[in-house]
Amino acid sequence: MNILQMHQRATKKANIYYHRFLNKYKKNEKKIYVFCEGNEDFGYYVQAISKTNPDLMIGKVFVEGKDNVLALHSFINWNIFNKNQLLFFVDRDMSYWLDGITYYDENIYITDQYSFENDAVTEDFFVSCLEDLYGFASANEEEMNVIRQLYVEKWKAFVNNSKYIMAAVAISLKSTGQHLAKNIEKNKIIKIESDTVWSEKIAGKDFSDYVDEKLEIHESSRTEMDLLMKRFDAEKEFYSIRGKWAITFFVKLLEYVMNNSRRYVSSLYTGTIKEPKRLCEITPDKAMVILAPRMKIAKTLQEFCNVHIWQYLKISVDNDI
């Protein structure tokens with residue numbers, strides 16, 4: 001599929017959602033509309049609004065992908081609609097490394113890192129999930145500090161060894177025009193053990209060979225990939241891992257700690273207090289449905305929502321007077 005075909009497909013899909021939105025929209029209804037790439041995004045983005053405006057009605061429109069969200073935004077006549085009422089949320093993905101586009105229209109929020117999932121992958125949130133979702137709340141401070149250190153070490157190793165696959169994602173997208181990263185089996189490439197975080201072999205192939213095959217990387221791309229990996233090191237503040245892989249790491253490390261809980265929180269197995277247990281099932285594919293509403297909101301996101309909601313409500317009040 002070439003770039004023109006991708007654009008045509010996005011336009012067609014976005015047009016369908018645009019007309020669905022028009023059927024739902026009521027001109028005089030005091031309501032904010034949130035446009036996202038996927039259903040699981042709402043748990044995160046909606047709480048950024050409802051957290052400070054719990055009584056405000058929110059309309060939710062997911063549009064199946066970043067290109068579709070941006071295409072739908074372009075359909076709207078902004079001489080008629082209020083930009084503070086219709087808010088759009090998209091992932092940054094590889095845009096910084098490929099075309100440098102990091103700014104869109106004022107009512108489009110773009111994530112600080114690869115995607116919104118990356119905002120979940122923090123040391124503090126990891127500990128919070130263990131305490132609230134795995135029953136670690138009664139563990140002593142020394143035990144939790146050991147777990148914190150484990151997280152820091154594993155995350156550092158995960159990031160340091162992710163450069164090749166992320167360079168491959170960027171070059172693949174550039175050369176094929178397709179998001180072939182979805183073909184990577186995340187549950188197979190990420191393997192949390194005492195001495196590893198990435199699998200050395202997948203389906204009988206070396207890690208790099210597996211990645212090259214899935215992302216259609218050819219020998220002619222080597223020089224460009226090497227240059228990009230050097231940029232990753234030189235511009236660390238802009239580097240982040242694909243969100244779905246980051247959250248897979250996060251969930252697998254939660255499970256690793258839980259499976260080895262007798263070693264990490266032995267104080268909970270003395271018979272005097274309740275032993276830890278999974279209070280809900282968290283898997284990499286469904287994790288954000290559970291985690292997104294619990295995540296700490298990124299500062300840039302909260303500011304984006306606060307500014308637009310304040311302006312929208314102010315205009316609404318002025319119109320009522």
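Some notes on this structure:
- Cα-based Kirkwood hydrodynamic radius, the chain, one decimal, Å: 21.7
- Remark: segment 256-263, residue by residue, has Karplus-estimated 3J(HN,Hα) of 4, 5, 5, 5, 10, 5, 5, 7 Hz, where x stands for each Gly or Pro and the curve is 6.51 cos²θ - 1.76 cosθ + 1.60 at θ = phi - 60°.
- Within segment 208-273, the ratio Rg/Rh, alpha carbon atoms throughout and Rh by Kirkwood, equals 1.26.
- Where segment 100-203 is the region considered: accessible area per residue in Å², 1.4 Å probe: 46
- Annotation: per residue accessible area for segment 245-321 equals 56 Å², rounded to a whole number [probe 1.4 Å, protein chains only].
- Charge dipole (segment 247-307, unit charges on Cβ, about Cα centre) - positive-most of ILE297, LEU253, SER267: SER267
- Accessible surface of segment 220-315 [probe 1.4 Å, protein heavy atoms]: carbon and sulfur percent: 54
- Taking GluC sites (Glu not before Pro) across segment 89-169, the ones in a DSSP loop with at most 15 further Cβ atoms lying within 10 angstrom of their Cβ are GLU106.
- Contact order for the chain, expressed relative to its length and based on alpha carbon pairs under 8 Å spaced 6+ residues apart, stands at 24 percent.
- Here's the list of aspartates and glutamates a cross-link from LYS66 could span, going by alpha-carbon distance under 17 Å and ignoring same-chain residues fewer than 8 apart: GLU37, GLU40, ASP41, ASP91, ASP93, ASP99, ASP105, GLU106, ASP112, GLU117.
- Protein-only accessible surface order, largest first, of THR176, THR248, THR270, THR300 at 1.4 Å: THR270, THR300, THR176, THR248
- Two-site FRET efficiency, ARG222 against TYR103, from Cβ-Cβ distance with R₀ of 35 Å, rounded to 0.05: 0.65
- Projected label points at ILE80 and ASP112, each 7 Å from Cα along the beta carbon direction, are separated by 3.8 nanometres.
- Counting only Cβ charges, +1 for Lys and Arg and -1 for Asp and Glu, the dipole size of segment 166-205 around its Cα centre is about 200 debye.
- Straight-distance candidates among the lysines for linking to LYS299, with alpha-carbon spacing under 17 Å and chain neighbours fewer than 8 residues away dropped: LYS51.
- Net charge contributed by nearby residues that have their C-beta within less than 14 Å of VAL251 (K/R +1, D/E -1): +3
The values are calculated or read from the model by the stated rules, or taken from the named source; none is laboratory data. These numbers were taken from a predicted model, which means no experiment stands behind them. Here the Cβ is made from the backbone with ideal geometry for all residues, glycine too, and neighbour counts use every protein chain on show. SASA here: full protein model, heavy atoms, side chains in, ligands and nucleic acids out. Shrake-Rupley method; radii C 1.70, N 1.55, O 1.52, S 1.80 Å.
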